[in-house]
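Worksheet for the structure shown next.
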Amino acid sequence: MESGNSESSIFESIEELFEKIQTFEDEKQLVGLLEDLIGITPQLPEKERRQVLEQALNIANRIQDERFCAEALSAIATQLPETERRQVLEQALNIAQRIESEYDRAEALAAIATQLPETERRQVLEQALNIAQRIESEYDRAEALAAIAQQLPETEPQLLEQALYIAQEIKDKYDRVKLLLAIATKLPETESHQVLEQALNMAQEIKDKYDRVKLLLAITPQLSESQRRQVLEQVLSSAQEIEDKYDRVKLLLAIAPQLPETESHQVLEQALNMTQKIEDDYDRVKLLLAIAPQLSESQRRQVLKQALNSAQEIEDEEFRAEVLAMIAPQLPATEPKLLQQALNIAREIEYMEASAEALAAIAPQLPENETQLLEQAMNAARAIDSEKRRVKILVRLKLPANLLEPARDSVSKKAWEEAAQQ
């Protein structure tokens, strides 16, 4: 019975996606919907799966923009049997060759190449690299090369050498370092070490402190222990000089996990103190939530309370609900006072849609032994006009038997069953 309900739910999701697809004129968004649809197909019986893929192919073939048509066909090909997959990939490849923009053509070819047999893959990747090399805009050239570099196999030294040559011609140091790092991971150890040294030296020359620290942090995991320690000291010193508090805290949080425990704790304390000085409530909550998982249990409790206090200060109710939804997953079941505070904030939101979203995020966090909290959440949900939003909250609550019946009575049987399956 459960399997039948699950299958029914999948078919309903597919119908919804097809309905959306029929109304979409934006071809980029249309490709996104097709990819969502294709992601569901492995869960279908073979006959229905074939039908859905055929419909998806028909829709993809009607896409006018070559970029999006090639992308859609390439995505569909992943779910097709070998013979059909080869035909669709050939079609996608031919369409990609017609893309006018060199930047888009290079990226499309690199994406398709991943599904091709080895010999063809090498040819297509070489073609993509040649196209990327001709792109006039240095920024676009670097972006295209970065996309291609991700697809280059370690077993193709000539292609890697060509990519490295193109990367060396990029004048912007930030873009060049990013490319060198992407390519270095694919090279043999000796060559990789040389490229990393070059990337490290170049990153240290970058004047913008924020960009310099970000790149150095990306390099450090690939360095020897002694080099890594040296670079981390430099990175920490530079991060502490950054004036913007939000950026400084973000970098300190990225540095902390790479440091020994004692130093890491000091950096986290520094990040926490700096976060508390940030005036914008939304930004402050985001950073507090990033810090919280790295703290001890008692510190984490205090930080989550600060985050809830900051959320309460946000005047815009939609933003307040959004922030509550961000905080909710971190609220431990063992902290009823924090859960009560979160629930109170959600219930006080007058805009019903925003209140519902906040309550839906809090509901799964409420433990089954906290009957009072569960009843408050249930009553708040039952007061919501929209059945769809109401049931979304109710099915997430771990309700005891005496509360389950009134909860189910407040929505239709069909709505409850559908929500329970999602």
**Study point:** Sorted peptide list for 259-269, 339-349, criterion being average Cβ within 10 angstrom, highest first
**Key:** 339-349, 259-269
**Study point:** Rg(Cα)/(2.2 N^0.38 Å) for the stretch 163-215, N = residue count
**Key:** 1.07
Point to revise | Solvent-free Debye scattering, log10 I(q)/I(0), computed from the Cα coordinates of the chain at q = 0.14 Å⁻¹ | key: -1.19
**Study point:** Alpha-carbon centroid distance for the pair the stretch 244-282 / the stretch 283-352, whole angstrom
**Key:** 19
Study note, to complete from the structure: With DSSP loop assignment and no more than 14 other C-beta atoms within 10 Å, the GluC sites (Glu not before Pro) in the stretch 366-422 are E368
Point to revise | Descending Cα extents along the principal axes, the stretch 246-357, whole Å | key: 47, 30, 18
Check your understanding: For the chain, list the DSSP H helices whose alpha carbon atoms reach 27 Å or more along the long axis and whose average Kyte-Doolittle value is -0.5 or above?
Key -> none
Review point. When the Cα centres of the stretch 46-72 and the stretch 196-211 are compared, how far apart do they sit, in Å?
Key: 44
Review point. Where does the chain land at 222 nm, in deg cm²/dmol rounded to the nearest 500, when only DSSP H runs of n ≥ 4 count, each adding -39500 (n - 2.57), divided by all residues?
Key: -23500 deg cm²/dmol
Check your understanding: Quick one: length gained pulling Q266 to K305 fully straight, 0.36 nm per residue minus the C-alpha distance?
Key -> 11.9 nm
Revision key, fill the gap. Taking N as the residue count of the stretch 222-271, its alpha carbon Rg divided by 2.2 N^0.38 Å gives 1.10
**Study point:** Ranked packing of 352-364, 182-194, most packed first, by mean Cβ within 10 Å
**Key:** 352-364, 182-194
Revision key, fill the gap. Taking R0 as 45 Å and r as the Cβ-Cβ distance between D26 and E279, the FRET efficiency 1/(1 + (r/R0)^6), rounded to the nearest 0.05, comes to 0.75
Practice item. For E84 and E54, calculate 0.36 nm times their separation in residues minus their Cα-Cα distance, and state this gained length in nm to one decimal. Key: 9.7 nm
Point to revise | Convex hull per residue volume in Å³, alpha carbons only, for the stretch 315-422 | key: 90
Review point. For the stretch 26-147, what is the convex hull volume of the alpha-carbon atoms per residue, in Å³?
Key: 103
Review point. For the stretch 161-278, what does the equivalent ellipsoid look like in terms of its semi-axes, each the square root of 5 times an eigenvalue of the Cα gyration tensor, given largest first in whole Å?
Key: 29, 16, 10
Point to revise | Overall dimensions of the stretch 217-311 by Cα: Rg and Dmax, Å | key: 13.8, 44
Check your understanding: Which net charge results for the neighbourhood of S101, defined as the other residues with beta-carbon distances under 10 angstrom from its beta-carbon, given Lys and Arg at +1 and Asp and Glu at -1?
Key -> -4
Check your understanding: What number comes out for the charge environment of F68, summing +1 per Lys or Arg and -1 per Asp or Glu over other residues with Cβ under 9 Å away?
Key -> -2
Check your understanding: Based on the Cβ-Cβ distance of E315 and E405, what FRET efficiency does E = 1/(1 + (r/R0)^6) give at R0 = 41 Å, to the nearest 0.05?
Key -> 0.60
Point to revise | Charge dipole (debye, nearest 20) of the chain; +1 at Cβ of Lys and Arg, -1 at Cβ of Asp and Glu | key: 840
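Bear in mind these aren't lab numbers, they're just calculated from the coordinates by the rules spelled out. Here the structure is a predicted model, which is why all the values come from computation and not from measurement. Because the Cβ atoms are built from the backbone with ideal geometry, glycine has one as well, and the counts that use them run over all protein chains shown.
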